[in-house]
Each structure stands twice: as C-alpha cells, then as structure tokens.
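Since the structure comes first, as structure tokens, the remarks are kept for the end.
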Amino acid sequence: MDAVFVDGKSRPGTSGARGQVVNPANDEVVAEYEYAGAEDVDAAVRAARSAYADWSTAAPVERSEALRALADRMQSRSEEYVAAETAQAGKPLRLSREFDVPGSIDNAAFFSGVARNLEGKASAEWDGEHTSIIRREPLGVVGSIAPWNYPLQMAMWKVLPAIAAGNTIVLKPAEITPTTTVMLAEDCMAAGIPAGVVNVVAGAGPVAGEALMSHPDVNMVSFTGSTAVGQRVMELATATLKRVHLELGGKAPFLVFDDADLDAAVQGAAAGALINTGQDCTAATRAYVQRPLYDSFVEAVSELFSQVVIGDPLDDSTDIGPLISRRQQDRVAGFVDRARADGATVRAGGHIPTGDLAKGAFYPATVITDAAQTSEIVQAEVFGPVLVVLPFDSDDEGIALANDTPYGLAASAWSTDVFRTLRAQREMQAGCVWINDHIPIVSEMPHGGYKQSGFGKDMSTYSLEEYTQIKHVSMDITGTARKEWHRTIFSEK
C-alpha cells in the first residue's frame, strides 16, 4: 500500500520508516506502507501551492460539481469504504454502514451546495463617498491532521470545507488508520478535483505532522485530537502566525434531572457512552443523576451495559467492537483499575476479557460509581466504553458539576420541564448541548468546543467561514482628485 498521495499520484513515503495497519479485532496486519517524511510533506505543500491559483479562482459551480461527483462516486463504492473502515478501525459493520460512511457521503453532498453559497456582502455608502464591498476569500494552503477514531469522517470534515471555499489541502491521517483517507484522495481525483488540490501524507506525528504544522507555505492548520497535542500544534503555528483550528478532547456530561423519563435517559446514556466503543470525544462519560432517580438509574444502566454484545465487528449482532489498539486497551484498563483502587465501585464490566475476545483489543461496557468529582476517572478523557455515574441534589449543583472539567465539547440534559432544559442549554459550557438525546449530528449544524476542547467549527456553513478570510473593498464614487479628508494632511493649496 502507498500512503502518500501528492499532485494526483500515490507513491511510497521516503522517511525510511515503515508503518502497519492492524485490525484491532484480531491483531492481523491489514496493510504495510512507507511512512511519509519531511520531504514528502514539502512536496505535498508545493503541489498544493501550485494548484491553489486555479482552484481558488474557479467558479463556485465548478467546485460544487466536483464535490457532487465525489459524493456520487463514494456512494457507488460505499461498501468498499465500509469494509476498509471496519478493517482498520475495528468498527462494527452497523456503525460503518449506517453512520460513518453515509455521514461522510452526506457531508460531501452538503458541501457541494455550500460551495455555491460563499457569501460576501455589498454594503452601502457609509460615508457618502465610498461604496463598501465585503469579500470572503480562501486562505491558501491548509495543513490538517485527522485522528484515528473516525478516519473517514474526520478526513471529510477537514477536506470538504477547505476545498469548497477554494483552498487546497495537505492532510495527514493517523498513521494507524490511513486506508480510507487514501481512498478518498483517489476518489477526489476521479471526481474531477484537480491534481494538487487534495494531498495525503501518512506518517508519524513527530515527523510528518510537525513538518506540516510548521511549514512556512502552509497558511492554516487544522487539528483534531488530544488537548496536549493541540497545544503543540499551536506552538508550531505561532512561528508563522498561521490560522489555527482545533477540535480537541472532551468529557461530556450527561445531566439527568429528577423529572426525566428514566427509560429514555438510560437508553440514551448507553448509546451516548458506547458509540464507537466510547472512542468519541463527544461520548457521554459523566452521568450526573439527581438523587431521587440515582439508584434506579444506576441499576438500570448497569443492567443494560451488561447486556451489550462485544465481539467480532463483522458480525451484525455485535454492539461494540474492539478499541483501536492494544495500547488503547491498556490505557482504558489502567483508568478503571486506578479508579477501583481509589475506592470507586465497578457496577458492570471493568476487566480485559479472556477467551475468544483475548485475540483483540476488546474492553467491555463499564459502569463506575462512588468516584470523587476530583478523581482522574471523572476529570480525564478515558476514550473508551466507560461511564461514571454520580449523584447531585439541587439543579444549581448539577449544572456546576457538569461544567467542572477543563473540557467543553458536548453535553446533554434530560428533563420533561421546558424551563429546566432552557436553563441547562443556556448555562452548560459546551459547543453542543443536546436535550433529551446525546450524540446525533447533521451536516447542516456546526461541531466544535469551548474551553480546552478547542475552537473553530466543523461541518455546516459555519465551518466554511473558518477556511476564509474577509476583505473589505472600498471604492470612491465621487471621481474627485482632492478629497475632503485630505485637509487633515495638508492645508489648502
């Protein structure tokens, strides 16, 4: 497999290091490839810079038609994407087929429309002597880094708004999940997107990633991943004052008031916590339940978690598949083991499975209670199928606890009282607040965080704004050589 795609052609990387794509369900090697190095990144940036002149000035309808063709092409081979995404990331077929792949195709279709709606503004004559026009223009070359948890969707979230706005892009996928990103680049070419507009460099973060983020000819950097790495991305970007777009970690609260529909809240907690085996930065991770419902909620959610089917991603009866790697399996197990040692109670799951499941990076759906608000399991991002449940008394306390982490990507509130939900959506500090649901996203609505969850928006027309810059054009309408304001510079002559 070649995982460098530059100027319309795929080729091996030149770093001298090799990478593997490993199926986390069985530890089998899916593909091997040569990592991209700094020279590959430089070649990709040069290709993107060369392609920028024509792509940025193409009529919006041209970009729109190319993106529509991309959506159609991806639809025609959607099962190939499903198979590849499941093989590299361990996603259950149901998740790949019903969420990841169709969501990605819908994103492409959405941005094909948005490409023709890049709005500027014709303003009035504010001072009576000049007409003002506001233009939205592309930034140039965008350098993006996508994570491993949703390889295809995150690649789409990076590529689509950038090129719809007229930019060109160099994308570095996670080195353990590059397969569908390379497929996407190939399909961009096949759909009529010119060579050099979309480039891919799969390689190690400290080498390819840092070379991309610090490259002097990259105008904007976009990164999705951990808050710690996001801080490093900002450091690298400051040297050349690049535009920065960050979607970072999350620790989403799931706030259940005492008048909530208990069954709906329990079902929502399970779905919201366990999607993608919990490897989702918006996953429900901290359930705060008002004390009158607390015991019933704990009992019901623990029972439901115990019934979750964990196993082969290719089996349609599987609910959750493996974690992305053995390393991630050990990381999640470490969080749970330390919480248990600190006095927390494990109500469901909580152990690396044995038997047939030992062949992959599996970890069961886990419920934890009796943890302190200040504990690691409550404050840090686990990124696994782990839900911590804590009680609260007053509404004030519940909202305060929900906001009591450094993160602010997503949250949800559960109540049948409209005034409670209105207060919750107003006061919960998150870029997305769901009411009586948790997780659903649509292409038309923005995704992005508060606080240490980053800044900038993915999806929606708001994301298009992230990839443009505003220019004010002021045109004299008087035709006079000597303007009234010239008196401030020199006296009457």
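The values are calculated or read from the model by the stated rules, or taken from the named source; none is laboratory data. The structure presented is a predicted model; accordingly, all values stated were derived computationally and were not measured. In this analysis, Cβ positions are derived from the backbone assuming ideal geometry, glycine residues included, and neighbour counts consider all displayed protein chains.
Total residues in segment 234-266 satisfying the condition of being of a type in the set (S, T, N, Q) and in contact with a strand residue (DSSP E or B) (Cβ under 9 Å, 6 or more places away or on another chain): the figure is 1. Of I105, I193, I133, I163, all but one fail to be assigned to a strand (DSSP E or B), out of contact with any Cys (no Cβ under 7 Å at 6 or more places or on another chain) and not small (G, A, S); the exception is I133. When segment 387-441 is filtered for residues that are among the aromatic types (F, W, Y) and in contact (Cβ under 8 Å) with a residue 40 or more places away in the chain, the ones remaining, listed by number, are F392, Y407, W414. Sort out which residues of segment 369-386 are over 19 Å from A269 (Cβ atoms), without any contact (Cβ under 8 Å) to a residue 60 or more places away in the chain and under 28 Å from the mean Cα position of the chain (by Cα), and write them in order of number. Those that are over 19 Å from A269 (Cβ atoms), without any contact (Cβ under 8 Å) to a residue 60 or more places away in the chain and under 28 Å from the mean Cα position of the chain (by Cα): T374, S375, E376. Among the residues of segment 108-130, those identified as surrounded by fewer than 19 Cβ atoms within 10 Å (Cβ to Cβ), of a type outside the set (A, V, I, L, M) and outside any strand (DSSP E or B) are G113, R116, N117, E119, G120, S123, E125, W126, D127, G128, E129. Of all residues in segment 230-253, those being in contact (Cβ under 8 Å) with a residue 24 or more places away in the chain and out of contact with any Phe, Trp or Tyr (no Cβ under 7 Å at 6 or more places or on another chain) number 11. The residues of segment 356-367 that are surrounded by 19 or more Cβ atoms within 10 Å (Cβ to Cβ) and farther than 16 Å from R331 by Cα amount to a single one, V367.
Of the strands (runs of 3 or more DSSP E) that lie entirely inside segment 1-43, those containing 1 or more residues that are surrounded by 16 or more Cβ atoms within 10 Å (Cβ to Cβ) and in contact with a Lys or Arg (Cβ under 8 Å, 6 or more places away or on another chain) span 4-6, 28-34. The set of residues from segment 102-121 being under 17 Å from the mean Cα position of the chain (by Cα) and among the charged types (D, E, K, R) comprises just one member, D106. Answer yes if at least one residue in segment 443-453 is surrounded by fewer than 23 Cβ atoms within 10 Å (Cβ to Cβ), over 26 Å from the mean Cα position of the chain (by Cα) and among the basic types (K, R), and no otherwise. No - not one qualifying residue is present in segment 443-453.
For (1) surrounded by fewer than 22 Cβ atoms within 10 Å (Cβ to Cβ); (2) modelled with pLDDT under 95; (3) of a type in the set (F, W, Y); (4) in contact with a helix residue (DSSP H, G or I) (Cβ under 9 Å, 6 or more places away or on another chain), each residue gets a yes or a no:
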| residue | (1), (2), (3), (4) |
| --- | --- |
| V141 | no, no, no, yes |
| Y150 | no, no, yes, yes |
| P161 | no, no, no, yes |
| A191 | yes, no, no, yes |
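Residue check: A208 meets all listed conditions (1) in contact (Cβ under 8 Å) with a residue 40 or more places away in the chain; (2) outside any helix (DSSP H, G or I) but one, namely (2).
Give me the residue from segment 70-95 that is free of Cβ contacts under 8 Å to residues at least 24 places away in the same chain and either crowded, with 16+ Cβ neighbours inside 10 Å or in contact with a strand residue (DSSP E or B) (Cβ under 7 Å, 6 or more places away or on another chain) (or both) and, out of that set, nearest to D27 (Cα to Cα). It comes out as A83. Taking the listed residues A265, A239, A283, A260, the one that is of a type in the set (A, V, I, L, M) and within 23 Å of the chain's Cα centre (by Cα) is A283, with no other qualifying.
Taking the criterion of being farther than 13 Å from Y288 by Cβ and either in a loop (DSSP other than H, G, I, E, B) or in contact with a Ser or Thr (Cβ under 6 Å, 6 or more places away or on another chain) (or both), the residues of segment 366-383 that qualify are V367, D370, A372, T374, S375, Q379, A380, E381, V382, F383. Does L67 satisfy the condition of being touching a helix residue (DSSP H, G or I) at 6+ places or on another chain (Cβ under 8 Å), closer than 20 Å to E444 by Cα and surrounded by 14 or more Cβ atoms within 10 Å (Cβ to Cβ)? Yes: the conditions hold for L67. Are any of the residues in segment 134-148 hydroxyl-bearing (S, T, Y) and within 17 Å of the chain's Cα centre (by Cα)? Looking through segment 134-148, at least one residue is hydroxyl-bearing (S, T, Y) and within 17 Å of the chain's Cα centre (by Cα).
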